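Reading through the structure tokens given below for one structure.
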Amino acid sequence: MLSHLISIDDLPKEEILSLLALAARVEATPRRDLFRRLEGVILATLFFEPSTRTRLSFETAMARLGGRTVGFSEATASSTAKGESFSDTIRTVARYADVIALRHPLEGTARRAAEVSRKPIVNGGDGANQHPTQTLLDLYTLRKCFGRLEGLDIAIAGDLKYSRTVHSLLKALARFDGIKVRLISPKSLRLADGLAQGLRTEETESLAEGLRGADVLYMTRIQRERFPDPLEYEKVKNVYRLDAAMLKGMPDTFRVLHPLPRVSEIAPDVDETPYAAYFDQAENGVLMREAIFLKLLDPEFRDA
Ligand code: NCD
């Protein structure tokens, strides 16, 4: 039984499969049949870092299930700005709301929150560490595109050093058989050792080369806010730019995913190609977050 959702490490494969199945069930269910399931439930969204998709899709998911949302989207708008400790903020909100979605720039904060919260904590991203709900929606999207996860050949490009979406995704992919991962990044943004454990990997700095033969490209933004030195960011900010011309001749089944937001790493002309799956991916985020809330809060689904 799921009590918090902090890291992919905490999710056994069966739990991942069960969440994927539940999201598919949500997708197949008419919306009017779900809109009272979590009536009266209150979600708190505590976002100490910017977000569009994650926060709004959590809120949309809760609204579709009949619940309500309270929260803040800027640390300066909460009493932490007055010097309140993080633990006290969490303890208090856990007495108001039934579930808390949290995003914070510091690694490990979601785990710390879970230690003091009497209500489920859902990690919406903690620093460069983990982003488990993004990973679940990424897996859902991959399975929808390809009908399977096993055996996929996945190119992952961009900021492999600081992207929490990549760190989370690799942990999840390692649970499935036969997956090959092509790690594409400049040297300074290479994946840290040990994070692709259990996966067959290849590394390259060339996007054009890394793409060939892959089933899917998972593109990421260079995570400017995590660079200790702004000059280092300037050196790599435009390192990759995928455009429609680079995708000429790719098989019809090829797909481009991106957790979004994009800056300049995917040219707008890619949006018009049949390969672009990133806005569908964002849409799937609502379904997956509905599934997560049902699993955490609805007795009928808790052990499903
Ligand atoms: C990602 C994040 O916040 O880690 N965005 C998201 O949640 N969809 C990726 C990013 O910010 O680059």
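Quick notes on this one:
- For the stretch 3-30, the set of residues classified as of a type in the set (Val, Ile, Thr), over 14 Å from Arg175 (Cα atoms) and either assigned to a helix (DSSP H, G or I) or touching a Lys or Arg at 6+ places or on another chain (Cβ under 8 Å) (or both) consists of Ile6, Val26, listed by residue number.
- Subset of the stretch 1-51 [aromatic (Phe, Trp, Tyr) and open to solvent by 40 Å² or more (accessible area, probe 1.4 Å)]: Phe35
- Selection status of Pro30, away from the ligand (no atom under 16 Å from the Cβ), within 17 Å of Thr135 (Cβ to Cβ) and not basic (Lys, Arg): no
- Ile90 meets each of the listed conditions (1) open to solvent by less than 30 Å² (accessible area, probe 1.4 Å); (2) closer than 22 Å to Ala128 by Cβ; (3) within 16 Å of the ligand (Cβ to nearest atom); (4) part of a helix (DSSP H, G or I) apart from (3).
- Going through (1) among the hydrophobic types (A, V, I, L, M, F, W, C); (2) open to solvent by 30 Å² or more (accessible area, probe 1.4 Å); (3) away from the ligand (no atom under 16 Å from the Cβ) one by one, Phe279 falls short only on (3).
- When residues in the stretch 52-80 are screened for being open to solvent by 60 Å² or more (accessible area, probe 1.4 Å), among the β-branched types (Val, Ile, Thr) and within 14 Å of the ligand (Cβ to nearest atom), 1 of them pass.
- Note on the stretch 203-233: residues that are outside any loop (DSSP other than H, G, I, E, B) and either of a type in the set (Ser, Thr, Tyr) or touching a Phe, Trp or Tyr at 6+ places or on another chain (Cβ under 9 Å) (or both) total 11.
- Inside the stretch 147-169, residues that are open to solvent by less than 10 Å² (accessible area, probe 1.4 Å) and more than 14 Å from the ligand (Cβ to nearest atom) make up a count of 4.
- Of everything listed in (1) assigned to a strand (DSSP E or B); (2) of a type in the set (Lys, Arg); (3) within 16 Å of the ligand (Cβ to nearest atom), the single unmet condition for Arg182 is (3).
- Scan of the stretch 186-197 for residues that are without any contact (Cβ under 8 Å) to a residue 40 or more places away in the chain and either part of a helix (DSSP H, G or I) or surrounded by 12 or more Cβ atoms within 10 Å (Cβ to Cβ) (or both), ordered by number: Lys187, Arg190, Leu191, Leu195, Ala196
The values are calculated or read from the model by the stated rules, or taken from the named source; none is laboratory data. Predicted model, so just to flag it, every value in this text is computed and none were measured. Quick reminder, even Gly has a Cβ in these numbers, built from the backbone with ideal geometry, and neighbours come from all protein chains shown. Just so you know, the surface numbers come from the protein's heavy atoms only, side chains and all, with ligands and any DNA or RNA stripped out. Shrake-Rupley method; radii C 1.70, N 1.55, O 1.52, S 1.80 Å.
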